[in-house]
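The values are calculated or read from the model by the stated rules, or taken from the named source; none is laboratory data. From a predicted model like this one, the values you see are computed outputs, not experimental measurements. A quick note on method: Cβ atoms are made from the backbone with ideal geometry, for glycine too, and the neighbour counts reach across all protein chains shown. Areas reflect the complete protein model, heavy atoms only, side chains present, ligands, DNA and RNA absent. Shrake-Rupley method; radii C 1.70, N 1.55, O 1.52, S 1.80 Å.
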Protein chains: 2
Amino acid sequence: MATINGLERSYYCGDLRKKHVGEEVTLMGWVQRRRDHGGLIFADLRDRFGLVQVVFNPEESQEAFKKAEDLRKEYVIAITGEVIARPEGTINSDLATGEVEINVNELRVLDSAETPPLQISEECDAGEDLRLKYRYLDLRRSDMQENIVLRHNVKKAVRNYLDDYNFLEVETPMLTRSTPEGARDYLVPSRVNAGKFYALPQSPQLFKQLLMVSGMDRYYQIVRCFRDEDLRADRQPEFTQIDMEMSFVNEEDIISLVEGMMEEIFDTAGLEAPTEFQRMSYQEAMSRYGSDRPDLRFDLELVDISEVVKDAEFNVFSGTVASGGEVKGINAKGCASFSRKDMDELTDYVGIYGAKGLAWIALREDGISSPISKFLSDEELDNIIDKMDAKEGDLLLFVADKPKVVAAALGNLRQKLASRLDLIDQDEFNFVWITDFPLFDEAEGKLVSLHHPFTAPQDEDVDLLDDDPVKVKAKAYDLVLNGIEIGGGSIRIHNRDLQQKIFEILSLEEEEINDKFGFLLDAFEYGTPPHGGIAFGLDRLVMLLGGLETIRDVIAFPKTQNATCLLTEAPSKVEKSQLEELHLEIENLEIDID
Amino acid sequence: MATINGLERSYYCGDLRKKHVGEEVTLMGWVQRRRDHGGLIFADLRDRFGLVQVVFNPEESQEAFKKAEDLRKEYVIAITGEVIARPEGTINSDLATGEVEINVNELRVLDSAETPPLQISEECDAGEDLRLKYRYLDLRRSDMQENIVLRHNVKKAVRNYLDDYNFLEVETPMLTRSTPEGARDYLVPSRVNAGKFYALPQSPQLFKQLLMVSGMDRYYQIVRCFRDEDLRADRQPEFTQIDMEMSFVNEEDIISLVEGMMEEIFDTAGLEAPTEFQRMSYQEAMSRYGSDRPDLRFDLELVDISEVVKDAEFNVFSGTVASGGEVKGINAKGCASFSRKDMDELTDYVGIYGAKGLAWIALREDGISSPISKFLSDEELDNIIDKMDAKEGDLLLFVADKPKVVAAALGNLRQKLASRLDLIDQDEFNFVWITDFPLFDEAEGKLVSLHHPFTAPQDEDVDLLDDDPVKVKAKAYDLVLNGIEIGGGSIRIHNRDLQQKIFEILSLEEEEINDKFGFLLDAFEYGTPPHGGIAFGLDRLVMLLGGLETIRDVIAFPKTQNATCLLTEAPSKVEKSQLEELHLEIENLEIDID
């Protein structure tokens, strides 16, 4: 396998089994721990493939034993010795190699080690900052190594699958031009073309469409993308995308290809392949779950009681309905005994999403408890209880507001309740395709693309573009896994006039259109196949497959929420001369430049 | 395969053979050309997989025939029809599908097309600027599609091979910190950490070493790297590297692994696997070929005649030797009849590389012709002729100068002569490993790393580091194919003290060492395995495999020498607000910012 100091590594530590007994082997790795017992020195030797116990016996080799007396945790050593069966009673069934040990006759210390600042063990109680600063030690932990191996295997499965389906891997530029993906670009100043800037890609969207124009037929790339966002919960400035595009296809072609790919990925990850990919329209998802990425591992559906309460004396309800809003509720089954403090917490929580309050009705053993029941007639109360399928012991929670606020507040409340009530089967993988998205969203009085401006409208809605664009549905589809959007895509516009019209609806100026997208519109002049695609967030997907909480655990060298690398201390100050070459100066900042 | 407008694509155009005769098929693609003949319309239909002839016969379908009358080049169409055998005498043996044609009964025009500004044909006589501006059309040409497919296949072969050898693909950051690879970094201003900058990686060198520290054992990545250089002949600001690193290995382990990988790659490319990987020390390569990347497909070796001419009357020779220089020559066999103009051209050529002149001796039928022979004794002339194995008809060319200048001048002259004399077998793939590089080079009175500062010195030379560092040889190796360096690597330093010493020899200040490399030095404290690696330039490798002249032909969307993308017009001006967010201002440039 590999040779060092004249020794040739013959096995990995984790390889050895009973069948190797009697073999002379050479292993290389790290000392996981060392114990002295009965005149012998025992050490666990570790490499990427596992652990094995090695024994230094002065009767086997006085010299090796002497050297072993200096061994400490994380020393790097090479040993040669005979594989022997462990004596009865000392077999370690927790360890794959637990039936054997190595009787060492030669030891070379390849490198010594200081005591590491964090423990190299499966579990790690070090804080994340320490783990990131010493990432090279954190990555020695078997948990982290498994994550990296899983990521490797997922990529391999994706490539093999797509290769079987005639996809070509094509690399697209990193130093490119800003395209409107909705987030802020990272800019790269050009020195040769001083005063001008490249943008790092938020996605290879335009290039992959151009590859379809060029007849490549099927493209994929596992590609780094960049967004300079204010980092929320679990985002990274750079992330990896499984990016795909196909010619001559419709939505169903792409969906069925992706479902097959997911099955391969699950197989690779050693997980049971998903048996069902549900489908749900955007409209239904928003209405029933208050989210376009609903977690369907649990119920807690939103129930619309607007009709029931529209004439109620309780003006918060009836007034909201009268002014075009809605009243929806969730039945938190068995939660009637929530305390006043619990209720205050939940109310604060929905407040984050803009809800002005959280009305509630608890169906307790001793009757209804509710701050609002006095404003509701018995009939209204009965109808609500009936509509919400409520029984004794249930707690009904309501938000009355504009539909967007109701969806956001209850959609998130639903998730919070599920965690609190432990309703989620952590071993379940629940897939749902969300379809029939609106093409446009309204923001600050302007129309914006819900996905991106290259998404095709549904054929039957094209006529609505002029008069009622908000009603137009898109040929778009997102794949949601356990409440997390892992991928999204669409059939694209492949016609110049239609693309131009969309830009205009989005209020882009003629000049901006030509400047930023002229080349795409031009490309559409020369024979463009119908095409569409999809892109997956690899980091999130691997995180979910690994049952992990954060994408930082599936990225070898991630950045903090402050977009810094604690290991290398990037970003850093640069030399004044470097800025001069770029004709740049730092302005309005009190900062020392070397 | 794929469905559009209710038609389901059943084959690719290039798939169809005689065995399909009688089948009803649906194809989708581009109209390559159309001809009307004998009341029928013939079109060649093209997709990524080939061409097939389709026939519109009004007796088969009046409707399809009518529509076909509008077809022009590059229209995108879908057709359904029966595969029929071509009549005897109309079989086209140049075409894989030449025995059949499709009798069309249904035609859908999916998109029309303007006349393309460049011809979609195998050969292309359009200028490169036009090809780059309309890259999506250039990529329709079968030559370019083959290049992209070759690149895809090479990457696949590399991945499969490395996977078999337990390499893990690990992604390293793009937004990182400047490391000294010798070229200028591309900088990315940070907004969140205003006044600070990320650097795009020139290579993932430090990260891959840290992955070895972390016990990943074997790492690879096919990764984009960036260098902001003044673009010479065939460089790109971004390029792709096959990057590898292994623990517990020596030079031989890496070399033998790479040789196996090259065999796989050649196999994939449909080329005969290389039978021999020669080895040559840096010293020998420089001495015999004047280059550390010698093209060994032809001889024209450099011959040292310093000893022969050291006492010559001709002072240009003897004086050079006396002052520590050398005199070397090339025997251009059969070139005695070169004209005075030829000689002037060659003299100008070596002048580019610093040579002050080019002495020559032509062994013509009518005797020796030479401007310098009168300054040489008969014995000296005889010795030169003897030493250079010269015969009648040969032309001997000499440069006398410092060794570096002689090597550069004659090394390049050698290459020029080989082209001119057509000495190169274009089908040969000649590999040579160059080994035993010096660890340091001298530049502007300072020592610099010949490779990079992480390269380990050879064990027996470590003692020379203090007293005679220029004599220290490195554990480094470059792989040269046909005179082009396709890869280079080394065994790395894995010891803090030695690494620190190297930094000091390179005249790095204590502060700079800690600031830029402190984390690497720290990492070496915690048990670091011996390790080494190599990196290959994918673009160059694929270019050579494809028998191409420029790496731009193996990159889907390359940039010009001016580092611009003619398709998207990147880099471009950015909004003032974008610069404000970054606290940057453009200085000393007359440029309009929108």
Exercise. For A:ASP94, put the label point 7 Å out on the Cα→Cβ axis and report which residues of segment A:47-70 keep their amide N under 18 Å from it.
Key: A:47, A:50-54
Practice problem: Between copies, how far apart are the B:SER256 label points? List them in nm, one decimal, shortest first, with each point 7 Å from Cα toward Cβ, please? | Solution: 5.0
Practice problem: List the residues of segment A:23-51 whose accessible area drops by at least 20 Å² when all protein chains are present, compared with their chain alone, using a 1.4 Å probe and counting only protein heavy atoms. | Solution: A:MET28, A:TRP30, A:ARG48, A:PHE49
Practice problem: Have a look at segment A:526-540 and report residues whose accessible surface goes down by 50 Å² or more when the remaining protein chains are included, against the chain on its own, probe 1.4 Å, ligands and DNA/RNA excluded. | Solution: A:TYR526, A:GLY527
Quiz item: Could you list log10 I(q)/I(0) for segment A:3-111 at q = 0.10, 0.17, 0.20 Å⁻¹, which the Debye formula gives when each Cα is one point scatterer?
Solution: -0.23, -0.70, -1.00
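How big is D for segment B:269-355, in µm² s⁻¹ as a whole number, if Stokes-Einstein is applied with the Kirkwood radius of its Cα pairs at 4 °C and 1.567 mPa s?
Working: Rh = 15.8 Å.
Translational diffusion coefficient: 82 µm²/s.
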Exercise. Report the local net charge at B:ARG17: Lys and Arg +1, Asp and Glu -1, summed over other residues whose C-beta lies under 13 Å from its C-beta.
Key: -1
Self-check item: Table column - 3J(HN,Hα) (Hz), segment B:33-46, Karplus curve with 6.51, -1.76, 1.60, x for Gly and Pro
Solution: 7, 9, 9, 9, 7, x, x, 10, 10, 10, 9, 8, 9, 10
Quiz prompt | B/A buried area, accessible surface, summed, 1.4 Å probe, Å² | solution = 11500 Å²
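Can you list which of the GluC sites (Glu not before Pro) found in segment A:98-199 are DSSP loop residues with at most 11 other C-beta atoms within 10 Å? All intermediate terms of the calculation are to be shown ahead of the outcome.
Working: sites: A:GLU99, A:GLU101, A:GLU106, A:GLU114, A:GLU122, A:GLU123, A:GLU128, A:GLU146, A:GLU169, A:GLU171, A:GLU181; in loops: A:GLU99, A:GLU114, A:GLU122, A:GLU123, A:GLU171, A:GLU181.
Counting only loop positions with at most 11 other Cβ atoms within 10 Å, the GluC sites (Glu not before Pro) in segment A:98-199 are A:GLU122, A:GLU123.
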Practice problem: Could you tell me which of A:ASN193, A:LEU417, A:THR320 has its Cα farthest along the dipole of chain A towards the positive end, charges placed at Cβ (Lys, Arg +1; Asp, Glu -1), taken about the Cα centre? | Solution: A:ASN193
Quiz item: For the protein assembly as shown, what's the radius of gyration and Dmax over Cα atoms, in angstrom?
Solution: 35.2, 129
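Might you report the magnitude of the Cβ-based charge dipole of segment B:354-477 about its Cα centre, with Lys and Arg at +1 and Asp and Glu at -1, to the nearest 20 debye? Show your work: numbers first, answer last.
Values: 14 positive and 26 negative charges, 128 e Å.
The dipole of segment B:354-477 has a size of about 620 debye.
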Quiz item: How far is helix A:142-164 tilted, in degrees, relative to the longest principal axis of the Cα atoms in chain A, given as a value from 0 to 90 rounded to the nearest 10?
Solution: 60 degrees
Quiz item: Among A:MET286, A:GLN209, A:ILE79, which residue has its Cα positioned farthest towards the positive end of the charge dipole of chain A, with +1 placed on the Cβ of Lys and Arg, -1 on the Cβ of Asp and Glu, and the dipole taken about the Cα centre?
Solution: A:ILE79
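If you put +1 on each Lys and Arg Cβ and -1 on each Asp and Glu Cβ, how big is the dipole of segment B:3-111 around its Cα centre, in Debye rounded to 20? If you can, show how the numbers build up before the last one.
Details: 15 positive and 20 negative charges, 70 e Å.
About 340 debye.
Express the carbon and sulfur contribution to the solvent-accessible surface of the protein assembly as shown as a percent, rounded to the nearest whole number, probe 1.4 angstrom.
Numbers: 20530 of 48850 Å².
The value for the protein assembly as shown is 42 percent carbon and sulfur by accessible area.
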Quiz item: Quick one: what does P(r) look like for segment A:404-490 with 5 Å bins over all Cα pairs, in whole %?
Solution: 3, 12, 17, 19, 17, 13, 9, 6, 3, 1
Quiz item: Under a Cβ-Cβ cut-off of 12 Å, what is the net charge of the residues other than B:LEU567 that fall near it, where Lys and Arg count +1 and Asp and Glu count -1?
Solution: +1
Quiz item: Could you give, in nm with one decimal, how far B:LEU548 is from each other copy of that position, shortest first, with labels 7 Å out from Cα toward Cβ?
Solution: 3.5
Exercise. Identify, among A:VAL52, A:ALA64, A:VAL542, the residue whose Cα sits farthest towards the positive end of the charge dipole of chain A, taking +1 on the Cβ of Lys and Arg and -1 on the Cβ of Asp and Glu, with the dipole about the Cα centre.
Key: A:ALA64
Quiz item: Along segment B:255-261, what does the Karplus equation 6.51 cos²θ - 1.76 cosθ + 1.60 (θ = phi - 60°) give for ³J(HN,Hα), rounded to whole Hz, x for Gly and Pro?
Solution: 4, 6, 4, 5, 4, x, 5
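Could you compute Rg(Cα) / (2.2 N^0.38 Å) for chain A, with N its residue count?
Numbers: Rg = 30.3 Å, N = 594, 2.2 N^0.38 = 24.9 Å.
Normalised Rg, Cα atoms only: 1.22.
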Quiz item: Which whole-Hz couplings ³J(HN,Hα) result when phi for each residue of segment A:484-500 is put into the Karplus expression 6.51 cos²θ - 1.76 cosθ + 1.60, θ = phi - 60°, listed in order with x for Gly and Pro?
Solution: 10, 6, 9, x, x, x, 6, 6, 9, 5, 10, 10, 4, 5, 5, 4, 4
Practice problem: May I ask you to report, in nm to one decimal and beginning with the shortest, the distances from A:ASP386 to the same position in the other copies, taking label points 7 Å along Cα-to-Cβ? | Solution: 12.2
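Treating only the Cβ atoms of Lys and Arg (+1) and Asp and Glu (-1) as charged, compute the dipole magnitude of segment B:298-420 about its Cα centre; round to the nearest 20 debye. Show your work: numbers first, answer last.
Values: 15 positive and 22 negative charges, 127 e Å.
Dipole of segment B:298-420, to the nearest 20 debye: 620 debye.
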Quiz item: Once you list every other residue whose beta carbon is under 9 Å from the beta carbon of B:PRO237, what net charge do they have if Lys and Arg are +1 and Asp and Glu are -1?
Solution: 0
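Within 10 Å, count the other beta carbons around each residue, average over each peptide in A:421-433, B:320-332, and list them highest first.
With the highest mean Cβ count within 10 Å placed first, the list reads B:320-332, A:421-433.
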Quiz prompt | Hydrodynamic radius by Kirkwood, which averages 1/r over all alpha carbon pairs of segment A:523-562, in angstrom | solution = 13.1 Å
Quiz prompt | Rg/Rg_globular for segment B:298-420, with Rg_globular taken as 2.2 N^0.38 Å and Rg from C-alpha atoms | solution = 0.95
Quiz item: Quick one: Cα convex hull volume of segment A:27-173, Å³ per residue?
Solution: 177 Å³
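Pop out the Kirkwood hydrodynamic radius of segment A:131-237 from its pairwise C-alpha distances, inverse of mean 1/r, in Å to one decimal.
16.8 Å
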Self-check item: Anchor B:LYS156: lysines whose Cα lies under 18 Å away (excluding residues fewer than 8 positions away in-chain)
Solution: A:LYS155, A:LYS156
Quiz item: Among the lysines, which fall within straight-line cross-link reach of A:LYS333, defined as a Cα-Cα distance under 27 Å, with same-chain neighbours fewer than 8 residues apart omitted?
Solution: A:LYS310, A:LYS341, A:LYS356, A:LYS374, A:LYS387, A:LYS391, A:LYS402, A:LYS404, A:LYS416
Quiz item: For segment A:327-383 and segment B:116-146, what is the separation of their C-alpha centers, rounded to whole Å?
Solution: 68 Å
Quiz item: So for the pair A:ASP422, A:ASN105, with labels modelled 7 Å out along Cα→Cβ, what separation do we get in nm?
Solution: 5.6 nm
Quiz item: Between segment B:169-227 and segment A:468-541, what is the C-alpha centre distance in whole Å?
Solution: 32 Å
Quiz prompt | Surface per residue (accessible, 1.4 Å probe) for the protein assembly as shown, Å² | solution = 41 Å²
Quiz item: Each label point is 7 Å from the Cα along the Cα-to-Cβ direction; what then is the distance between the points at B:LYS356 and B:ASN5, in nm?
Solution: 7.6 nm
